[in-house]
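Here is the structure we will look at, set down as structure tokens.
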Amino acid sequence: MTNNVIRVAIAGATGRMGTAAVRAVSATDDLVIAGLLVREKRPDVEASLEPFGQAYDNAETLIATERPDVWLDLTTPESVVNHVDFALLSGVRPVVGATGYSQDDLERWNQIAAEREIGGLVCPNFAIGALLMMRFAAEAAKWMQKSEIIELHHDQKRDMPSGTAIRTKRMMDVDYDVPIHSVRLPGFVAHQEVIFGGTGEILTIRHDSLNRESFMPGVLTACRKVVQLRQVVYGLEHLLW
């Protein structure tokens with residue numbers, strides 16, 4: 001960090017989330033873009049990103065050249081693990097918004113972070129409202145008899161069920177199985193409801209992200225908070241309350 005400005009590399013800069021993140025980070029005073037990772041460098045891609053930062057198609061080259069403080073990964077399940085491994089080994093703090101990692105990956109990341117004396121943040125969901133939805137669901141689970149989760153996302157989302165649904169189920173920590181139902185259709189962005197059944201009553205807790213800008217306050221908070229960590233934290237909610 002230089003003069004308290006945090007240098008953020010954005011991986012997946014031309015994706016839906018990445019495009020929103022590029023705009024959001026660029027609009028702040030305390031965060032600056034330090035390289036943009038794209039799947040393929042082409043003249044049109046580089047021209048579209050030129051106002052925001054240098055485009056790279058190789059994570060190792062980006063990190064070696066730009067030396068970012070934070071690696072914001074909004075890529076794919078196929079690439080995120082290798083990216084985060086290399087970022088941590090290079091002393092760069094990851095903020096992970098992609099899916100595709102395992103519990104073993106989380107444990108390995110935490111071990112590397114401890115050795116490098118840095119932190120990381122893995123976020124199944126960046127939306128503040130979604131984090132509150134999960135918190136409220138965990139509280140309701142203590143009192144209601146049964147529950148099920150329905151998560152609905154756009155048809156380009158590759159993972160099923162979503163990381164948010166899996167995280168919600170774990171947070172509820174009940175002694176029965178909570179079924180998760182996944183919907184993938186055009187028109188959706190990111191939506192989830194947890195339905196609880198009790199004696200003569202139904203409780204529904206629902207959150208809707210209507211656009212990707214809804215995730216940006218959480219993305220910016222994660223990039224600011226991760227530099228204070230000395231371990232890998234799973235879930236942005238741990239830094240909010």
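Taking the criterion of being more than 30 Å from I10 (Cα to Cα), buried (at least 20 other Cβ atoms within 10 Å of the Cβ) and in contact with a Gly (Cβ under 9 Å, 6 or more places away or on another chain), would at least one residue in the range 158-173 satisfy it?
Initially, the range 158-173 is screened for residues more than 30 Å from I10 (Cα to Cα), giving 172-173.
Among the residues that remain, those that are also buried (at least 20 other Cβ atoms within 10 Å of the Cβ) are: 172.
Remaining after also requiring in contact with a Gly (Cβ under 9 Å, 6 or more places away or on another chain): none.
Checked the range 158-173: no residue is more than 30 Å from I10 (Cα to Cα), buried (at least 20 other Cβ atoms within 10 Å of the Cβ) and in contact with a Gly (Cβ under 9 Å, 6 or more places away or on another chain).
How do the pairs read when you match residues in the range 82-93 that are closer than 16 Å to L106 by Cβ with residues anywhere that are assigned to a loop (DSSP other than H, G, I, E, B) and of a type outside the set (V, I, T), using Cβ under 8 Å and keeping only pairs 6 or more apart or on different chains?
V84/Y101; R93/D69; R93/G119; R93/L229
Could you list, in sequence order, the residues of the range 138-175 that are within 19 Å of L210 (Cβ to Cβ) and among the aliphatic types (A, V, I, L, M)?
Those that are within 19 Å of L210 (Cβ to Cβ) and among the aliphatic types (A, V, I, L, M): I150, L152, A165.
Pairs only if they're at least six apart or on different chains, beta carbon under 7 angstrom, first in the range 1-19 and touching a residue at least 24 places away in the same chain (Cβ under 8 Å), second of a type in the set (S, T, Y); list them, first residue then second.
A11/T75; G12/T75
So which of E50, E78, E66 is without any contact (Cβ under 8 Å) to a residue 60 or more places away in the chain and under 19 Å from I118 (Cα atoms)? Walk me through it before giving the result.
Details: E50 fails: under 19 Å from I118 (Cα atoms); E78 fails: under 19 Å from I118 (Cα atoms).
Criteria check complete, one pass: E66.
Out of T99, T61, T65, I need the residue that is within 15 Å of the chain's Cα centre (by Cα) and assigned by TED's automatic domain parsing to the domain that holds A222. Which one?
T99
Taking the range 102-142 only, how many residues are among the aliphatic types (A, V, I, L, M), in a helix (DSSP H, G or I) and in contact with a helix residue (DSSP H, G or I) (Cβ under 9 Å, 6 or more places away or on another chain)?
Matching residues across the range 102-142 total 11.
Would you pick out the residues in the range 143-157 that are in a loop (DSSP other than H, G, I, E, B) and buried (at least 19 other Cβ atoms within 10 Å of the Cβ)?
M144
Being of a type outside the set (G, A, S), more than 21 Å from the chain's Cα centre (by Cα) and closer than 14 Å to C223 by Cβ narrows it down to one of D44, D29, so name that one. Talk me through it step by step, then tell me what you get.
Details: D44 fails: closer than 14 Å to C223 by Cβ.
The conditions single out D29.
The values are calculated or read from the model by the stated rules, or taken from the named source; none is laboratory data. Keep in mind that what you see is a predicted model, and the values were worked out from it rather than measured. FYI the Cβ positions are ideal-geometry reconstructions off the backbone, even for glycines, and counts take in every protein chain you see.
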